[in-house]
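A.B. asks: Take a look at this one; I'll ask things after.
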Amino acid sequence: SSKYVFCHTLVMCEALNLTELPKGFIIHHIDGNKKNNDISNLSLMYTGAHAKLHALQRKMMQGAETIQ
């Protein structure tokens with residue numbers, strides 16, 4: 001419904017032969033670089049799983065900072 005489409009959305013939809021992302025899903029940039037829109041760097045994830053992944057990554061980074 002938006003007049004704008006993100007490049008990573010276009011890449012993922014094209015790879016999966018979709019016209020739009022399924023409701024409740026989001027595209028995750030595996031390497032964390034939002035400019036790297038290569039299909040090998042993109043993962044289609046359920047929104048809740050994506051939020052949990054980032055929460056876990058934040059927790060791991062905080063632990064790493066404590067060790068240093």
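The values are calculated or read from the model by the stated rules, or taken from the named source; none is laboratory data. Since the structure is predicted, the reported quantities are computational estimates derived from the model, not experimental observations. Reconstructed Cβ throughout: ideal geometry from the backbone, glycine too, with neighbour counts over all protein chains shown. Surface accessibility is based on the protein's heavy atoms, side chains included, excluding ligands, DNA and RNA. Shrake-Rupley method; radii C 1.70, N 1.55, O 1.52, S 1.80 Å.
A.B. asks: Can you give me the % of accessible surface on the chain that is carbon or sulfur? Probe 1.4 Å, all protein chains present, nothing else counted.
C.D. replies: The computed percentage sits at 59.
A.B. asks: Using just the alpha carbons, could you tell me how many Å³ per residue the convex hull of the chain encloses?
C.D. replies: 100 Å³
A.B. asks: Follow-up question, since we're still on this one. Once you have the Cα-Cα distance between residue 13 and residue 53, take 0.36 nm times their residue separation minus that, and quote the gain in nm to one decimal.
C.D. replies: Fully extending the segment from residue 13 to residue 53 adds 12.2 nm.
A.B. asks: Short version: ³J(HN,Hα) in whole Hz for each residue of region 17-23, in order, from phi by Karplus 6.51 cos²θ - 1.76 cosθ + 1.60 (θ = phi - 60°), x for Gly and Pro, what are they?
C.D. replies: 3J(HN,Hα) across region 17-23, in whole Hz: 6, 10, 9, 7, 6, x, 4.
A.B. asks: Further, regarding this structure: With runs of 4+ DSSP H residues as the only contributors, calculate the mean residue ellipticity of the chain at 222 nm using -39,500 (n - 2.57) per run, divided by the residue total and rounded to the nearest 500.
C.D. replies: Rounded to the nearest 500, it is -15000 deg cm²/dmol.
A.B. asks: Using the Cβ atoms and a cut-off under 14 Å, what net charge is assigned to the surroundings of residue 28, where Lys and Arg are +1 and Asp and Glu are -1?
C.D. replies: Residues close to residue 28 contribute a combined charge of 0.
A.B. asks: At what distance in nm do the modelled label points of residue 21 and residue 36 sit from each other, each positioned 7 Å from its Cα along Cα→Cβ?
C.D. replies: 1.9 nm
A.B. asks: Another question about this same structure. Given Cβ point charges of +1 (Lys, Arg) and -1 (Asp, Glu) and nothing else, what value in debye, to the nearest 20, does the dipole of the chain about its Cα centre take?
C.D. replies: Dipole of the chain, to the nearest 20 debye: 240 debye.
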